[in-house]
Each structure stands twice: as structure tokens, then as C-alpha cells.
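The values are calculated or read from the model by the stated rules, or taken from the named source; none is laboratory data. The shown structure was predicted, so the numbers you read here are calculated from the model rather than taken from an experiment. Note: ideal-geometry Cβ built from the backbone for every residue, glycine included; neighbour counts use all protein chains shown. Heavy atoms of the whole protein, side chains included, go into the accessibility calculation; ligands, DNA and RNA do not. Shrake-Rupley method; radii C 1.70, N 1.55, O 1.52, S 1.80 Å.
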Amino acid sequence: MDVSNKEKFTLSSELIEYIDSCKQQAHFKSFLINVLQRIQDIHGYLPQCLMEETALRLGVPTAKVYGVATFYHMFRLEPQGKHTINICLGTACYVKGAQRVLDAFKSHLNIDIDETTEDLMFTLKAARCVGTCGLAPVVMIDNDVYAKVTPEDVLTIITKYRQS
Amino acid sequence: MNTKGILQRYFEFKEQSLSRLRQQGYFDRCKIQVGSATCENASGAEAVYREFDKMIKASGRTDILLHKTGCTGHCSSEPIVGVFKPGEIPVKYGEVTAQKAFEIFTSHVQGHSGPVVDMILDKKTDRLYRNEFIFCGRGSQCEGANDKLAAVFQEKLNQRGLGDQVKIGSGVCLGLCAEQGTPVSPACFVFPERIFYGNIQESDLDEIIDSHIEKRQLVSRLEVSFDKIHNHFFDHYGDVEYFNHQLRLTLKNCGVIDPESIDEYIYYRGFEAAAKVFENDTAETIIDKILKSGLRGRGGGGYPTGFKWRNTYLAKGDEKFIVCNADEGDPGAFMDRSMLEGDPFSIIEGMLIGGFTINAKKGYIYIRAEYPLAIKRLENAITLAREFGFLGDNILGSGYSFDIELRLGAGAFVCGEETALIHSIEGLRGMPRPRPPYPSVSGLWGCPTMINNVETLANVPVIMLDGPQWFASIGTQNSKGTKVFALAGKINQTGLVEVPMGTTLRDIIFKNGGGIKNNKKFKAVQTGGPSGGCLPEQFLDTIVDYDSLTQAGSIMGSGGMIVLDEDDCMVDIAKFFLDFTQNESCGKCTPCREGTMRMLEILQRITEGKGTMDDLTKLERLGNLIKRASLCGLGQTAPNPVLSTLRHFRDEYVEHITNKRCPAHRCQNLLRYNINPDKCVGCTACARVCPVRCISGSPKKVHEIDQQKCIKCGMCYETCKFDAIDKL
Ligand SMILES: Cc1cc2nc3c(=O)[nH]c(=O)nc-3n(C[C@H](O)[C@H](O)[C@H](O)COP(=O)(O)O)c2cc1C
Ligand code: SF4
Ligand code: SF4
Ligand code: SF4
Ligand code: FES
């Protein structure tokens, strides 16, 4: 997982435009989190060189950018799989057996939480409630929510993504 | 500022909205309504929608409107589909699949055989009734009177052979008496005419049967008017028991309007409250109304909203801000998501009125990034509100200008805390800071900032239109209005319920929620999430309001309500929450950062059977210390789940410690799997799944587990088809 972090990226013209438009507004430094979110939307994580470029363009110290990037759970500093599997481990899902669903994903994908499969297809994550507790246990893959998941469903779900 | 004519302009706008809706046939076409929300979609609503779309197109019919709406909050029965034929009782179907959609379309919508009775939502009925009479429930004014009359009515109907054509139901107190200013009970709501009868005497019942039921002529002398902003929800859903035990003030539009249509919002009196306020009110009179209503913050703290508005209004500053807290971090709560997805305009209107009061030019909605659909709907709503002139410069010609910007959270629970939230909007690490100064004095960029929860804001238009007195008539002495709870866990009907403050936990769990799943035994209800506590059976008659729940050792919190049954271990639950808060602690202050870690270690020991009785004292001492010494609400409340379970379920802790046993069979390390030689047929299935190969035995012989090697994974237990493995 250490290869791509040394890759060189530059901010896309769209992102540069976005940063410039932020700078037109009052309190523009407050847009830092938004900018980082957009970078992550594109790359799946925050490449170090892009954080540095952001710091420069937004006029925020690099240390501040790292500080923010490491504070919030959502930001990833490593490349991620093509699909992110979020197993909800919120209260409702927990009492409805989410742990067993998680175990099933772990054993089928042969990875642990916060790891990525070797083919870079899946990253496994634990989530804290995705807001559909009435349908617990739930799993959110990218932006899609799967309801009332049982350990037996897991293989079908994985296969669906593998084939598409 | 000339405020005259604002309402008139509003009504002109509304006329335009209505004419657009008329053009779409919104009022006279047959409506097929499909839920569209994160939960609905996860249950398969999108496929159902596509199916209907296909069938409507294939049928060539142009008199059918396929309508999208947010979720009603009846999660366990989703996807929900409503068929609204003009002039008929609205029919709702539950757990609809593409296959069922076909049946609904061919026989109910296209055919003439009426609704597909056995697919109707909640399956509480086996037929469609000619009329339904829903009597008010137990309000403050009418204890028992409604029930008695309903029973007499039922008897009369039976005698006249109408018993199976007319349904008698009972619902929640809708505040009818308070509206009339004088008791009007016994009273009831009648479908499909959607009218109210009040002051019904036994002697009136025959006339109701003769005239209303037989001849379809209303008994006008008994009619009472009840014109409240939330009525239309009852019109749509009042015949379903799950809903008529609720009072939907803030969720009134969820499941009714298309959350992407500003016209529909306006049709149901959307932005009327804002227009009225702009025309008639000053900051002082608005604050006065909020104070009179008794509204308290729904985000967890329960601080009186009127005080907060007044403090921010009085605070000195050239620039002021209003912030909507939509971070909803409590794992197990989803009220705010549902509201934002199903009725985003109400939140915008609440912010508009709040902004006007403190003269803010700008508002922020801080929403967690885990809610992509809610974000999309809010963005759409803000854009539409701008287009229609409800946001932007000189709103409705009032001279007041206001706009709203979204800011996304990035997955940190502590950012729900108001000072951390401010830092996060400012683009910094979301760390709390000591208060005072409170945000109302010094918030965003040092300016006075008014932070309100989503549900708090959704109450504002209701108070402005229905009046603070009426609002204050609902609820208890110190807790007014309703509260939305997110029911989840081991309960039959999971979902959102909005009930008047003062409802008992028992009613919410057993009436609204339909009781415990699989006939298991109720063990505890967890309220208030990671800041709250667990209440056992003997507290079921506690009423929900801010004070009573606190007294009982839990808190109201933001509305998460997780029901636990005999299979849940209370030590494990306490550990679960502590693990959560420990993980989410921002690390700024030592008691919270280190203290929660130490407590977690102790709990870990206990669940592994390595605890001592001394540990319990330590937990209590540490817990109370953390509560007192932490900087922000996260640390100050983090020990609550532990302390409350220690208070109410001490035996269970002791059992773990002294007998090394987990009574609920939850704590893995304390489990023991045994093969029962009388039942084992020697099928070898367990031996094959055991990951550590510690089960021995040859085919057709009794198998045995090597306890020394067993890692207690439970695979054998799950696999055995002969019920031969005991979990001890
Ligand atoms: C750790 C922590 C998390 C919180 N999370 C939320 C939240 O998700 N939503 C919310 O509205 N309030 C939350 N609050 C409460 C807010 O600090 C604040 O009191 C509230 O937003 C004020 O709005 P209200 O008066 O309308 O309730 C949280 C508080 C703490 C200490
Ligand atoms: S109590 Fe916990 S979350 Fe709050 S400031 Fe202290 S360390 Fe941070
Ligand atoms: S699966 Fe059950 S019946 Fe079969 S060998 Fe194991 S214990 Fe015996
Ligand atoms: S619990 Fe797991 S490890 Fe123990 S015997 Fe059964 S399958 Fe094997
Ligand atoms: S706890 Fe899993 S969705 Fe809420």
C-alpha cells in the first residue's frame, strides 16, 4: 500500500477553479474541509502531494491541512479499493448481529477492517450508523445501502460487485 | 421596511403553485405514491417505482400520477406504496415488491375489484371498510370517555349488521379540545370524509348510523372544525394504526409531499408561517411566541429555544449567523435524516424565521456526509427556494435578505457538540472549547451564532401557524409539544414515531412499536445514545419528557430508542457505548481521553471473566470523576451507559465477575459450547466447519469438543441441524 502515496498528482483544473472561487468568499479558509472532500471524491483518498498543493493555494499552513485530514474519520491517507464496504456497527446494527456480518465479509474478502483487497477492489470499513437503523443490520457499499443483511447474503453481494 | 402586502404576495405565489399542480393533475388524477428515501430505497423502493412507471406507460393511461415521497418512518414495512383514488379511502400497501406492484396495478388501479386486501399495510384488516371512525385517545380532557362511547358504538353497529362494514379505531389525542378552547370529547375522525365529530353523546349514535353511514349524509351539527397544519398527514395515514397513535407535527409532510417539489410544500401551507411572521411580527414578538410555546431544543440538551433566540438577538454584533445542527451522530438515531430527506423545506423555513429574528444574513446547515440523499434533497430545496424568492435578497418584498449554505461533516461524532461544530465549519479540527462564552454570544468567527437542531427548527413553522398556546397544550408541564423517537433493536415495528411528550415508554414500545420481536422478553430500553442510559422493565411507565427520563437515570437525548431483549448483555452494551465514546473522544482533555480508556479496559476484563468486585467500585468512581472533570458534553456524559447499567443491572455485572458467566450468552469468552450426546447423530457437519478443528468424532458417532482448543466462534452451534449443541 505504499506505492501510490509516492505517485505525483496535481490538482485538476476543476479543483483549482473551485479553490479560486472559494477564495472570492468571506472566511475562505473555512472551505478547507470541502476542498479535501472533493479531492477524496476524485482520488478515493488524500494523496500527500495534493494536500501540500491545497495548503499552498488556499494559503493554509501544511501542518493545518494534515491536522484536519487526520482528525476526521472520513479522510483516508492511503489509496482505497474501488468499492468501499461500510459495515454499520452502530447500536441498532450491533444488537441485531452486525458483528457476524462483519466476520463474514472479513473471511470472504480475507482482509481486516481498514484493509484493502489485493486486487484493489474492496476496502472494508466499520461505520457508525448510516441512519437506516430500522432495517438493521445494514451495510453501505459506496452510496448504496443494503438492508437486513445476513452472513449468508455476503457472498452474493460481493459477487455482484466483482462481476459488474 | 414596509411589511404590508407580504402575505398577499405569498398567496399570489401560492396561487401559481396551485395552478401548476392543477396542470399536473395533482388534485384529480389517481395517485400512486412510492416512498423514496435511503431506507425505502434499501428496501427496494426504486425497483417498485420503475415497475409502476413501466405499467402506467404500457397501459396508456394519462389519468394516473406516479408520485414520489419521502419515507413515512414505518421502516419495518417498507417499501410503502399508497394508492389515492379521488373520493376513496386512501389505501396503503406495505412491503411491496415488483411482483406485488403488478398485482396492485392490475387489480386495484386498473381493475374494479378494489384494493388487494391482503397486501394492505400492517395487514390489520381483511377488508376495506365503508367508513372508519377513529376516536381520540387519552388526552388530558377525556380520560376514558372516548373508549366507552366507541364500545357502545361498536355494539350498535353489530346489532344493525354493520359491524363488518364500519371500523372503529382509537388514536392519539390530536389536540382537538385545546383547539376549540373547550372540551369536545368524545370526538372522532371519520374516513373517507376526513371530518371531525365532537361532543358525541350516546343518543347521537343512531343518527350517525342512519344518516352518515346509511345515507351518506354528514351530521353537520356534530361537526367540529380542526384546521391545523399537520391535519393532512392524518388525512393520508390516519386509518393505519401505526400512524394514528402518533401526532405528527414535525413529520407532517414526510410521506405526503414530494420532497423535491416546492409547489407541493407550498400547497400544504409551506412558507406561510414565514410570510405571516414577516408581515406581522417583530423579533420580540417571535421570541415571545417561542417562549410561550415552551419549545426546548431537540438536539439533546433541552435548552429552552426561546432563551437561545433571545440571547442571540440581544447579543452585540454586526454579523450574526444561524446554524442548523444536522450532524445526527447518535448511532441508532435517524429522525433528522428522515426529516431532511422527506421534508427539507420545513427546515429551511424554520431557519428563515430564526434568521429573521436575529437578523442573520446567512445560515449554515452542518450535515454529516454519511447522508448523501439528504444532502442532495437539501441542495435541491435550497436551489428551489432561491428560485422562488424564499431565499436570497428582499424575500417576499420584506426587505430581509437571507441565504443558506451547506457544510458537510467528515465523520466525527464530537462535531455535533456546538463549539466543535463551529470549529468544523471554520475549517479547523473539530475540537470543543470551554463555554462560556456561549455561541449565542461568540460563535462562528466570533460572531453571535444561534445553533438549533433539525427537529427544533421543524417545530418553528408549526408554532407560528397553529399558535404557541395550542402548541403548549400538548405535552407535560416542562416539556411541550411532541418528540420523534427512532425505534430500533428488538422491536416488531422499527421506525420513527412522533408522540406527545408525556407518553409512557410502555406505550411507545408496545403500542407504537408493536412489542418485542419473536415474543422474547423485554429487558431494557436504551435512550439518549452514548450519552444516555438503559432503563429496565420497572421503569416502563416512566413518561417521556426531559425531567422524567433524567430522574430515571437516562436522558431524552436526541431521540434514539433501542429496545433490548433477554439475549442482550447489559455489560456488553455498556462496553459497546464506551468503546464508541472512547473512539470518538477528541483527546483534548485528560479525564475523557484517559478515563474512558481505563473504564473500557475494566469492562473488557469483566466481559472476559477476569473482573473483580473491586472493579465495580472503580467504574463508579472513575465514571463520576469523568462526568465532573470533562470539558465538553461528550466526556461529561460518556460514563452514563455504564453508570445506568450498574445501577439497574448490577446483578449481571456480578454474575460475570463471580460466576464467570454471561447470562445472555453474549460475551464470547464466557461461553461454552457442549455437544449433547443424546441428540448428536454424528453427521460430522460441525467438525467440518470448526475453524480450529477441535471437534472430534467419526461419522455416525457422537462428537466431542475439545474445550481447551475451542475459540468459541459459534460456527458449530449455527451449523448443527439437530439442535445437539448447547450454548452455556
Ligand atoms: C458529543 C455531542 C454530540 C452532539 N451531537 C448532536 C447532534 O448530532 N445533533 C444535534 O442537534 N445536537 C447535538 N448535540 C447538542 C449540541 O451541542 C447542541 O446542544 C444542539 O445542537 C443545540 O440545538 P437545540 O437547542 O435545538 O437542541 C451534541 C452534543 C454533544 C456534547
Ligand atoms: S470531553 Fe472528550 S470530547 Fe470533549 S473536549 Fe474533552 S476529550 Fe474532547
Ligand atoms: S452437527 Fe450436530 S449432529 Fe452433527 S455431529 Fe455435530 S453435534 Fe452431532
Ligand atoms: S465454537 Fe467454534 S471453535 Fe469451538 S468447537 Fe464450535 S466451531 Fe469449533
Ligand atoms: S445503527 Fe446501523 S444504521 Fe443506525
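Below is a table of values for the structure above.
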item	result
Set of lysines near B:Lys700 by C-alpha distance (under 20 Å), chain-local residues within fewer than 8 positions excluded	B:Lys679, B:Lys721
Probe 1.4 Å, accessible area per residue of the protein assembly as shown, Å²	39 Å²
Cβ crowding within 10 Å averaged over residues, with B:380-389, A:81-90 ranked highest first	A:81-90, B:380-389
Share antiparallel - DSSP beta bridges, chain B, percent rounded to 5	55 percent
Sequence-distant lysines (8 or more away, or on other chains) whose Cα lies within less than 27 Å of B:Lys4	B:Lys14, B:Lys228, B:Lys276, B:Lys289, B:Lys292, B:Lys320, B:Lys361, B:Lys362
Full-extension gain in nm, B:Glu95 to B:Arg693, via 0.36 nm per residue minus C-alpha separation	211.0 nm
Potential extension, B:Lys700-B:Tyr303 segment - 0.36 nm per residue separation minus Cα distance	136.1 nm
Cβ neighbours within 10 Å from other chains - mean over A:69-75	6
Nearest-0.05 FRET efficiency for A:Gln99 and B:Thr658, computed from C-beta distance (R0 25 Å)	0.40
Protein-protein interface of region B:415-431, residues with accessible area decrease of at least 50 Å², isolated chain reference, 1.4 Å probe	B:Gly427, B:Arg429
Chain A: Cys lacking any partner C-beta under 4.7 angstrom	A:Cys22, A:Cys49, A:Cys129, A:Cys133
Test item: B:331-340 mean partner chain Cβ contacts at 10 Å	5
Exercise: per-residue mean of other protein chain Cβ atoms within 10 Å, A:142-148	4
Residue-count net charge about B:Gln159 - beta-carbon cut-off 15 Å; Lys, Arg +1, Asp, Glu -1	-4
Rounded percent of accessible protein surface that carbon and sulfur make up, the protein assembly as shown, 1.4 Å probe	49 percent
Cβ-derived FRET efficiency at R0 45 Å, B:Glu718 paired with B:Leu205, nearest 0.05	0.20
Label-point separation, A:Ala26 to B:Glu379 (7 Å along Cα→Cβ), nm	2.5 nm
Segment B:Asn359-B:Leu625, length gained on full extension (0.36 nm per residue, minus Cα span)	91.6 nm
Radius 11 Å from Cβ of B:Gln477, net charge of other residues (Lys, Arg +1; Asp, Glu -1)	-1
Net charge, A:Arg76 excluded, C-beta distance under 13 Å - Lys, Arg +1, Asp, Glu -1	-3
Whether chain B is rounded, prolate or oblate, judged on the alpha carbon gyration tensor where a/c under 1.5 counts as rounded	oblate
Candidate aspartates and glutamates - alpha carbon under 18 Å from B:Lys57, same-chain residues fewer than 8 apart omitted	B:Glu46, B:Glu103
Distant-in-sequence amide H partners of B:His74 (H built 1.01 Å from N, under 5 Å)	B:Leu496
